[in-house]
1. Starting from the amide H of residue 67, placed 1.01 Å from N in the peptide plane, find each other amide H under 5 Å away whose residue is 5 or more places distant or on another chain.
2. Rg/Rh for region 43-159: what does it come to with C-alpha atoms and Rh from Kirkwood?
3. Please compute the volume of the convex hull spanned by the alpha-carbon atoms of the chain and report it per residue in Å³.
4. Just to check I understand the Karplus step: with θ = phi - 60° and J = 6.51 cos²θ - 1.76 cosθ + 1.60, what whole-Hz values come out for region 280-293, glycine and proline as x?
5. Search the structure for amide H atoms under 5 Å from the amide H of residue 200, placed 1.01 Å from N in the peptide plane, and list their residues when 5 or more places away or on another chain.
6. If you take the Cα atoms of region 33-73, find Rg, then find the Kirkwood Rh from the mean of 1/r over all pairs, what is Rg/Rh?
7. Hey, what angle do you get for helix 163-180 against the long axis of the chain, alpha-carbon based, 0 to 90 degrees rounded to 10?
8. Of 127/174; 41/127; 41/110, which sit over 28 Å apart, Cα to Cα?
Amino acid sequence: MTITISGVGKVFGDFTAVHPLDLTIPEGSFFALLGASGCGKTTTLRMIAGLEEPTSGSILLGDQDITALPPHERPVNTVFQNYALFPHLDVRENIAFGLRRRGITDVKDKVDEMLDLVELGSLGRRKPRQLSGGQQQRVALARALINRPRVLLLDEPLGALDLKLRRQMQLELKRIQSEVGITFVHVTHDQEEAMTMADSVAVMYGGRVEQLGPPAELYEHPRTTFVANFLGTSNLVEAEVTAVGEDAVRLRPTGTEDTLRLPADRCPPLPADGERRVPEEGEKLLVGVRPEKISLAHADDASVPAGRNRLNGRIRDASYLGVSLQYVVDSPACPGLLVYEQNVERDTRLTPGSDVVLHWQPAHTFALDADRAEPSAAGEGVA
Ligand SMILES: Nc1ncnc2c1ncn2[C@@H]1O[C@H](COP(=O)(O)OP(=O)(O)OP(=O)(O)O)[C@@H](O)[C@H]1O
Ligand SMILES: [Mg+2]
């Protein structure tokens, strides 16, 4: 069922945990609320569940206004991070709990169905303490899903699991969501988790949604420096607009005589409505490029194909990570540029102290308004 959140905000005393928020979460979608600790994710989720009363605004489920409904009258279930199972009940009885509470006694088929869904078929008679973390997590999920909620809210449900199990459960959750087809709203501070699972991600910062969209769009077209650095890493170089053409803008990075090209459709959006605007000559922008889009060539024999953006630099640090090589390059345009190269054909001359040329496709360049540089520094908020 589509969730429509209009102007929903939450103030605790004199502290605004969630600024009035507008969100539409389409029926059947896997929606993630992503952000660092304290940005208001849980509060938002609790307001949808009815566990927290909004200070302002309304919440609709389909056409029904549920803002004033108590939690148990909402067709919504929540799975929390500490999915406290009942220790004295076995798996089957934990799953059946919601049905029993509603006075339903014939639970066998429904419990079987849930056990199949979460692939715990043979463990029905075990007690929670005889299960691994991931298995307990599945029981918690089955326990919530058996009530056939229209919406399932998940608050860091994988937080207690180790990394490998977490990755495995992410794929599991996604499979289960597509099988049952109900709307999932998933809260996480893990950007990889949000990107792996969600159709749509809302990136929150300080009680506001900074940007909302499919993972690939957020990654390729970040609108704010916070998003540019919270989802992966971005190199951001300050540059002045030197020419504005029909399909591209030319910029000169501060401290250089280089020219970078920025396709017109990658110019920064107006903060208010997100529409692209035409930058003005002389204006300062932040030019962004992701570390994996950049190629490195040794300065001695750099043959950079025409039309690519390029900057000069000197390698400060090189790390060998097996799957990739990561370089830190100081450029007159910007110190500490990050470059990731796939570990395929490695140029062994690319060692600290070497002079290099960094180059990339103009289409992989994005730009942000320089005066919207707060609230972020590279790496902030990365969990
Ligand atoms: N009952 C409350 N009274 C006062 N302040 C609160 C209350 N609940 C939450 N807050 C504050 O509101 C802000 C948002 O809290 P919230 O729990 O929504 O964050 P979160 O994004 O879920 O963080 P985390 O990732 O750490 O769980 C925090 O600064 C928190 O201290
Ligand atoms: Mg939380």
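What follows is calculated from the coordinates using simple rules that are stated; it is not laboratory data. A quick note: this is a predicted structure, and the numbers were derived from the prediction, not measured.
1. Amide H neighbours of residue 67: 59.
2. 1.01
3. On the way: hull volume 63.4 nm³, N = 383.
It is 165 Å³ per residue.
4. Calculated HN-Hα couplings, in order: 9, 4, x, 6, 9, 10, 9, 8, x, 8, 6, x, 7, 7 Hz.
5. 30, 32
6. On the way: Rg = 11.1 Å, Rh = 11.0 Å.
Ratio value, two decimals: 1.00.
7. Tilt relative to the chain: about 60 degrees.
8. 41/127; 41/110
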